[in-house]
1. Extension gain W101-H190, at 0.36 nm per residue separation less the Cα-Cα distance, in nm?
2. Mean separation of Cα pairs under 8 Å and 6+ residues apart, divided by the residue count of the stretch 78-139: what relative contact order is that in percent?
3. Averaged per residue, what accessible area in Å² does the chain show with a 1.4 Å probe, protein chains only?
4. Among the GluC sites (Glu not before Pro) within the stretch 1-94, which fall in a DSSP loop and have no more than 16 other Cβ atoms within 10 Å of their own Cβ?
5. Any chance you could list the semi-axes, whole Å, largest first, of the equivalent ellipsoid that the Cα gyration tensor gives for the chain, using √(5λ)?
6. Hey, what do the phi angles of the stretch 23-39 turn into as Karplus ³J(HN,Hα) couplings, whole Hz, using 6.51/-1.76/1.60 and θ = phi - 60°, x for Gly and Pro?
7. Pop out the carbon and sulfur fraction of the accessible area of the chain as a percent, whole number, probe 1.4 Å.
8. Post the alpha-carbon centroid distance, the stretch 70-92 to the stretch 126-205, in whole angstrom.
Amino acid sequence: MVSGASRGLGRAVARAFAANGDRVAVHHGGRRRDAETTLASLPGGGHVLLGADLADPRQAAELADAAAEALGGLDVLVNNAAVNTPHPPATTEYGDWCEAWRRHVDVNLLGTANLSHAAARHMIGQGTGGRIVNVGSRGAFRGEPDHPAYGATKAAVHALGQSLAVALAPYGIAVTSVAPGFIDTERVTHRLTGPEGDAIRAQSPYGRVATPEEVAAAVLWLASPQAQWSAGAVLDLNGASHLRT
């Protein structure tokens with residue numbers, strides 16, 4: 001199951017798994033038409049479209065149940081769904097600031113935590129292990145001055161993944177995270193084509209941003225049987241635009 005698979009990176013991840021011969025549950029929040037486009041583009045058969053508001057704990061659990069039922073089990077969860085709306089601290093009114101933080105925490109962190117718990121319970125019940133791959137962000141390390149709640153919740157997602165990696169390893173479930181930098185998706189098209197586009201591309205010595213397919217390839221590998229020993233890892237995918245040790 002790929003959460004937030006309506007477009008962008010989620011769509012690329014769903015396509016990568018389908019091309020690998022897997023059956024995919026395509027999750028969407030409010031972009032059903034885009035998700036239908038994703039579903040129609042997947043090679044192979046047996047894929048399913050599922051909608052849920054991950055800010056609602058009940059819907060998150062029901063989503064995992066529905067995916068497991070539709071697919072005949074649940075082996076891989078990719079936590080890609082997230083919100084990322086600007087709220088620069090110096091110019092955002094307090095009420096809007098509070099609302100932005102609440103929405104980011106509800107979807108990015110609690111939605112990821114609740115969906116991971118529900119999916120893990122299915123994987124444990126199946127007794128065949130599994131994989132959970134969280135989509136974090138370079139912003140968790142580099143900072144997000146105009147999107148501080150996004151950076152903070154993605155840092156929390158990385159920490160959550162490492163805690164789950166230790167807790168779920170005895171059940172054969174490997175949990176990892178990726179931390180991408182800028183990706184050329186619909187969400188940031190306006191920034192890449194606007195006045196700051198050249199500066200964004202110049203953040204990487206390659207002079208460009210990532211394609212969704214590059215990040216999806218890493219996610220696919222982390223979900224593979226060969227990647228179990230990567231459990232607990234946070235994989236940087238930022239084209240050397242932010243280096244850390």
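1. Values: separation 89, 0.36 × 89 = 32.04 nm, distance 2.32 nm.
Using 0.36 nm per residue and subtracting the Cα-Cα distance, I get 29.7 nm.
2. 49 percent
3. Details: 11460 Å² over 245 residues.
Result: 47 Å² of accessible area for each residue.
4. Values: sites: E36, E62, E69, E93; in loops: E93.
Here the GluC sites (Glu not before Pro) that fit, given the DSSP loop and packing criteria, are E93.
5. Working: eigenvalues 148, 76, 71 Å².
Those come to 27, 20, 19 Å.
6. After applying 6.51 cos²θ - 1.76 cosθ + 1.60, I find 8, 10, 8, 8, 8, 9, x, x, 10, 4, 4, 4, 5, 5, 5, 4, 4 Hz.
7. Details: 6090 of 11460 Å².
Answer for the chain is 53 percent, counting heavy atoms of protein chains only.
8. Their Cα centres are 9 Å away from one another.
The values are calculated or read from the model by the stated rules, or taken from the named source; none is laboratory data. Here the structure is a predicted model, which is why all the values come from computation and not from measurement. Quick reminder, even Gly has a Cβ in these numbers, built from the backbone with ideal geometry, and neighbours come from all protein chains shown. These area figures cover heavy atoms from the full protein model, side chains too; ligands, DNA and RNA do not enter into them. Shrake-Rupley method; radii C 1.70, N 1.55, O 1.52, S 1.80 Å.
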